[in-house]
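Notes follow the structure.
The values are calculated or read from the model by the stated rules, or taken from the named source; none is laboratory data. Bear in mind that the values here come from a model prediction, so they are computed numbers and not experimental data. Ideal geometry is used to build each Cβ from the backbone, glycine not excepted, and the neighbour counts take in all protein chains shown. Please note that ligands, DNA and RNA were not included when accessible areas were found on the heavy atoms of the full protein model with its side chains. Shrake-Rupley method; radii C 1.70, N 1.55, O 1.52, S 1.80 Å.
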Amino acid sequence: MHRHRPLLSRGFWIQTVDRKSIQRYNAYKYQRLAGGFPVRSYLREMRQKSGVALKAMARDLGIDPGFLSRVERGLVSAPDHIIEVYYKRFGTLPDDITSPPEFGYLRENTAQYRVTQFTFPFESKPPVPARADLLPKVQASPLHDVPPVFYLSHNPYLADLTDPTRPPKFVPLPYTNNISAGKNSYVYDAHTYHTKVPPEGLKLLIKYYTRSGDVVLDPFCGSGMTGVAATEMGRKAILVDLSPAATFITWNMLTPVPAHRYLDAIHCVLKQAMELEQRLYNTHCRVCGRTVPMLYMVWSYGVLCRYCGREFILWDVARDERPSPRESKIRTEFPCPYCGKNLKKRLLKKTRRYPVQVGYKCCQRGLKEAVASPDEHDLALLAKIERDGIPKDLWYPVDPFPEGVNTRQPIAAGITSVDKAYTPRALWAMAYLWDVAARWPDPEIRTKLFFTLTSLYQRVTVFAEFRFWGGSGNTANFNVPGIMNEQNVFRAFERKAYTISWYLSNAPKVARQFRISTQSACWLPQIPSKSIDYILTDPPFGGNINYSEMNFLWESWLRTFTDNTEEIIINDSQGKGLEEYKKLLTKALVEARRVLKDDGWMSIMFHNSSAKVWEAFQQAIFDAGFAVEGIQMFDKKHGTFKQFVSENAVGYNLVLHCRKAQAPQIIEQNGKAEVHRQIIGFIRETLSRSRDRYVIKYSHVPRKKELDYRKLYAEWLATALPVTRINISFEEFRSIVDRVISEHDAANSVIRPK
Ligand SMILES: C[S@@+](CC[C@H](N)C(=O)[O-])C[C@H]1O[C@@H](n2cnc3c(N)ncnc32)[C@H](O)[C@@H]1O
Ligand SMILES: [Zn+2]
Ligand SMILES: [Zn+2]
């Protein structure tokens, strides 16, 4: 009856209900895309299975059958209440999905969240049938005898691994050892994601809180590190994220293929691409004249002097090149080459980009590439590429960047759509590789080829900032750098492929049990109440990173986008402030509490430097009915780039260990003065006990010794958070520390760090 088409790999079905992507999907060569991402609709399937006619269903819902049919087919995005009705009637919606936690005072607090306000025309129907009956009968075949594991939208089979009757591991006390895990591992490097958490650290927690066979849920899974850690340890993982880019990455991380098969495919792709690579990237060795591939081309914006109005090239004027790349830099302030007035780089109006340098390897010795100014041949090549244009039969995304916080800068710079985020040459190369991947016959390898391409992310776009020491910059914004490094896409692809192959060959060969769904954590109707053994998660931290914006670049290639209606974020463009953030986070935590077994634990990671965000976070946890029973730091060894450069960011994540509260949580609503007193006491005590622990050791940046305020702040939060309302920001905290130190200095000089 409802046979699944054998699709990508073991149980790989992707379905998308996003309108924009579907339209684009259809507008574009369906065939090729279908090779990558087949579309099917489970809403229709659910209804048909129960033998209910479309017309009858539409009548019950009081909506037009034509509209419902489009919803079912995923041509318009399915409104929440329709999904809810379908689940209630045909699916696995638990009875108590809508009830807030048991405490009276919480009922008021949670009134704004989804609480029993829907009246359904068929509420008198008998209870939801057993889940097993709902699973489609898939014809037994070695490849397709597992239920679908991954959807780019609601996965109706999300919870078929759970067993609500099995009690969770008995864990009376929270985990207490400090967690510190390095970021340089194969898993970590395989595919970038903003704020990744190293799985080695997560494993410690999973080991402590669960036993083999238990179900671990991460409702904000990002790149799936919880899933990697859990499945490698024989736990089952349920992974949810709002962003299809995130779940796409997660799925690929959890389905490693043999490295040799993957590398064979990569070599084959590169061989096939050789001719194009020569056409796009050939240059000449300036010493021996041989034709060699260009490894990169540096582009610099021309800028206008604010005083004399004349144009000059940033590269020529702002470049401060020294013998050691580490000491070289692009100056942020310099005099105008024409009128001599002092100029600030960031205030200059940009004109257009000029090629200023090429890098290649040929007859010179050593590891370093040869660099030269672009010559006539290089310029002629660029002109030819622009003239020829990308072949018509190659697809690439042209989606306009949505209005947003991180998209303001590129849009203002004229980078208004995804295709403009690449040089014509890089776009051609990307489109070519994407095309080869899409036509790859082996579906398992095909998605790994896509994955290799998405892993390039901003490295091959115009957002890639030039650096003298190589390397790549921040991935948490779309800043348009004054000086850009255009990499040879094929070489970048090859390099990334090797990194991924290390992951593949090091990934433990275990049978992994997991389900992945693309949906909001605020509402998990597929997961029965009290069915999850342990929740390990890392929700968005206020407005630190605008995930749906930053994932847009990936999603445009994947042709499906985040529905950001319920994105938990502080973001002007979405009209979401602190209140909305708190509301949505609470909603997600209420859901987390509902699905968690009564004696199960939830470990939740967080970091933010704003007192307001801390307060919201703390309130959300308590409102949702959790009690914080322990806290410690999760030291990611070195912070993300953003943390490294911005002074008032907290570099340590905190892990909060929570259980379902047995009674309403009392937090002392202390005024600032009282909290200040507490902090002063805390600082005095901590620094006099072990001041050396708080001196920053910079490994590769020469800086004077400095107190690690972040660590102190994180530790203070850890002691204060379960009991005190957090109303002190990092900056404020810092100034208190300085005060305490100088007071002590005056008295004796014991405390100041050496
Ligand atoms: C801090 S990141 C998680 C990163 C992850 N720990 C990792 O290692 O990659 C938070 C995630 O929450 C997702 N998110 C935001 N709002 C959401 C919602 N309402 N439901 C589910 N996920 C959401 C974002 O897309 C983002 O991937
Ligand atoms: Zn000037
Ligand atoms: Zn040479």
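Among the residues of the stretch 218-228, which ones are of a type outside the set (S, T, N, Q) and touching a strand residue (DSSP E or B) at 6+ places or on another chain (Cβ under 8 Å)? I'd like the intermediate steps shown before the answer.
Residues of the stretch 218-228 that are of a type outside the set (S, T, N, Q), as a first pass: 218-222, 224-225, 227-228.
D218, P219, F220, C221, G222, G224, G227 - these are the residues of the stretch 218-228 that are of a type outside the set (S, T, N, Q) and touching a strand residue (DSSP E or B) at 6+ places or on another chain (Cβ under 8 Å).
Scanning for something open to solvent by less than 40 Å² (accessible area, probe 1.4 Å), in contact with a helix residue (DSSP H, G or I) (Cβ under 8 Å, 6 or more places away or on another chain) and more than 17 Å from D533 (Cβ to Cβ), does the stretch 168-177 turn up at least one residue?
The first filter runs over the stretch 168-177 and keeps only residues open to solvent by less than 40 Å² (accessible area, probe 1.4 Å), leaving 168, 171, 174-175.
Restricting the remaining residues to those that are in contact with a helix residue (DSSP H, G or I) (Cβ under 8 Å, 6 or more places away or on another chain) gives 171, 175.
From what's left, more than 17 Å from D533 (Cβ to Cβ): none.
Checking the stretch 168-177: not a single residue is open to solvent by less than 40 Å² (accessible area, probe 1.4 Å), in contact with a helix residue (DSSP H, G or I) (Cβ under 8 Å, 6 or more places away or on another chain) and more than 17 Å from D533 (Cβ to Cβ).
Would you tally the residues in the stretch 621-650 being surrounded by fewer than 23 Cβ atoms within 10 Å (Cβ to Cβ) and modelled with pLDDT under 60?
Total satisfying the criteria: 12.
Please determine whether any residue of the stretch 403-421 is open to solvent by less than 10 Å² (accessible area, probe 1.4 Å), touching a Ser or Thr at 6+ places or on another chain (Cβ under 6 Å) and assigned to a loop (DSSP other than H, G, I, E, B).
Within the stretch 403-421, one or more residues are open to solvent by less than 10 Å² (accessible area, probe 1.4 Å), touching a Ser or Thr at 6+ places or on another chain (Cβ under 6 Å) and assigned to a loop (DSSP other than H, G, I, E, B).
Out of Y281, Y307, I need the residue that is under 30 Å from A413 (Cα atoms) and under 33 Å from the mean Cα position of the chain (by Cα). Which one?
Numbers: Y307 fails: under 33 Å from the mean Cα position of the chain (by Cα).
Unique residue meeting the criteria: Y281.
Criterion first (in contact with a helix residue (DSSP H, G or I) (Cβ under 9 Å, 6 or more places away or on another chain), surrounded by fewer than 20 Cβ atoms within 10 Å (Cβ to Cβ) and farther than 20 Å from V215 by Cα) does E486 satisfy it?
Values: in contact with a helix residue (DSSP H, G or I) (Cβ under 9 Å, 6 or more places away or on another chain): yes; surrounded by fewer than 20 Cβ atoms within 10 Å (Cβ to Cβ): no; farther than 20 Å from V215 by Cα: yes.
Considered against the rule, which asks whether it is in contact with a helix residue (DSSP H, G or I) (Cβ under 9 Å, 6 or more places away or on another chain), surrounded by fewer than 20 Cβ atoms within 10 Å (Cβ to Cβ) and farther than 20 Å from V215 by Cα, E486 comes out as no.
Condition check: at pLDDT below 95, more than 16 Å from ligand 3 (Cβ to nearest atom) and among the hydrophobic types (A, V, I, L, M, F, W, C). Does V216 satisfy that? Write out each step before concluding.
Details: at pLDDT below 95: no; more than 16 Å from ligand 3 (Cβ to nearest atom): yes; among the hydrophobic types (A, V, I, L, M, F, W, C): yes.
No; evaluated as a whole, the condition is false for this residue.
To keep it simple, each residue is scored yes or no on (1) over 16 Å from F626 (Cβ atoms); (2) of a type in the set (V, I, T); (3) at pLDDT 95 or above; (4) open to solvent by less than 10 Å² (accessible area, probe 1.4 Å).
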residue	(1), (2), (3), (4)
K509	yes, no, no, no
R512	yes, no, no, no
Q526	yes, no, no, yes
S529	no, no, no, no
T537	no, yes, yes, yes
E566	yes, no, no, no
I570	yes, yes, yes, no
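Surrounded by 12 or more Cβ atoms within 10 Å (Cβ to Cβ) and either within 16 Å of ligand 1 (Cβ to nearest atom) or more than 33 Å from the chain's Cα centre (by Cα) (or both): does that describe L381?
Details: surrounded by 12 or more Cβ atoms within 10 Å (Cβ to Cβ): yes; either within 16 Å of ligand 1 (Cβ to nearest atom) or more than 33 Å from the chain's Cα centre (by Cα) (or both): yes.
Criteria met by L381.
Can you list residue pairs whose Cβ atoms sit under 7 Å apart, with the first residue in the stretch 331-344 being assigned by TED's automatic domain parsing to the domain that holds S300 and the second being among the basic types (K, R) and near ligand 2 (Cβ under 7 Å from one of its atoms)? Count only pairs 6 or more apart in sequence or on different chains.
P335/K341; Y338/R310
Does I527 satisfy being more than 17 Å from G404 (Cβ to Cβ) and part of a strand (DSSP E or B)? Don't jump to the end; show me each part of the working.
Working: more than 17 Å from G404 (Cβ to Cβ): yes; part of a strand (DSSP E or B): no.
Here the answer is no, as I527 does not meet what is asked.
Of everything in the stretch 346-365 that's of a type in the set (D, E, K, R) and part of a loop (DSSP other than H, G, I, E, B), which residue is least open to solvent (accessible area, probe 1.4 Å)? Working first, answer last.
Kept after step one, since they are of a type in the set (D, E, K, R), are these residues of the stretch 346-365: 346, 349-350, 352-353, 361, 365.
Of the ones still in play, those that are also part of a loop (DSSP other than H, G, I, E, B) are 361, 365.
Values: K361: 84, R365: 218 Å².
The residue in question is K361.
Can you give me the ranges of the strands (runs of 3 or more DSSP E) entirely in the stretch 221-317 with at least 1 residues that are open to solvent by 30 Å² or more (accessible area, probe 1.4 Å), within 22 Å of E376 (Cα to Cα) and within 16 Å of ligand 2 (Cβ to nearest atom)?
Values: elements: 236-241, 282-284, 291-304, 311-313.
Where strands (runs of 3 or more DSSP E) fall fully within the stretch 221-317 and carry at least 1 residues being open to solvent by 30 Å² or more (accessible area, probe 1.4 Å), within 22 Å of E376 (Cα to Cα) and within 16 Å of ligand 2 (Cβ to nearest atom), they are 311-313.
Output the residues belonging to the stretch 318-345 that are hydroxyl-bearing (S, T, Y) and either within 14 Å of ligand 2 (Cβ to nearest atom) or open to solvent by 50 Å² or more (accessible area, probe 1.4 Å) (or both). Give the steps one after another, and end with the answer.
Restricting attention to the stretch 318-345, the residues satisfying the condition of being hydroxyl-bearing (S, T, Y) are 324, 328, 332, 338.
Matches in the stretch 318-345: T332, Y338.
Between F606, F493, which is touching a residue at least 40 places away in the same chain (Cβ under 8 Å), open to solvent by less than 10 Å² (accessible area, probe 1.4 Å) and outside the structural domain of W251 (by TED's automatic domain parsing)? It would help to see each step written out before you state the result.
Working: F606 fails: outside the structural domain of W251 (by TED's automatic domain parsing).
Result of the check over F606, F493: F493.
Report every pair of residues separated by at least 6 positions or lying on different chains whose Cβ atoms are under 7 Å apart, first residue within the stretch 207-224 and within 17 Å of R593 (Cα to Cα) and among the aliphatic types (A, V, I, L, M), second part of a helix (DSSP H, G or I) and within 16 Å of ligand 1 (Cβ to nearest atom).
If the second residue must be part of a helix (DSSP H, G or I) and within 16 Å of ligand 1 (Cβ to nearest atom), the pairs left are V216/I206; V216/T226; V216/A230; L217/V595.
Pull out all pairs, ordered by first then second residue, where Cβ-Cβ is under 7 Å, the residues are six or more apart or on different chains, the first lies in the stretch 559-570 and is within 12 Å of K582 (Cα to Cα) and not assigned by TED's automatic domain parsing to the domain that holds T454, and the second is away from ligand 1 (no atom under 12 Å from the Cβ) and assigned to a helix (DSSP H, G or I).
As it stands, the answer is I570/L578, since those pairs meet every condition given.
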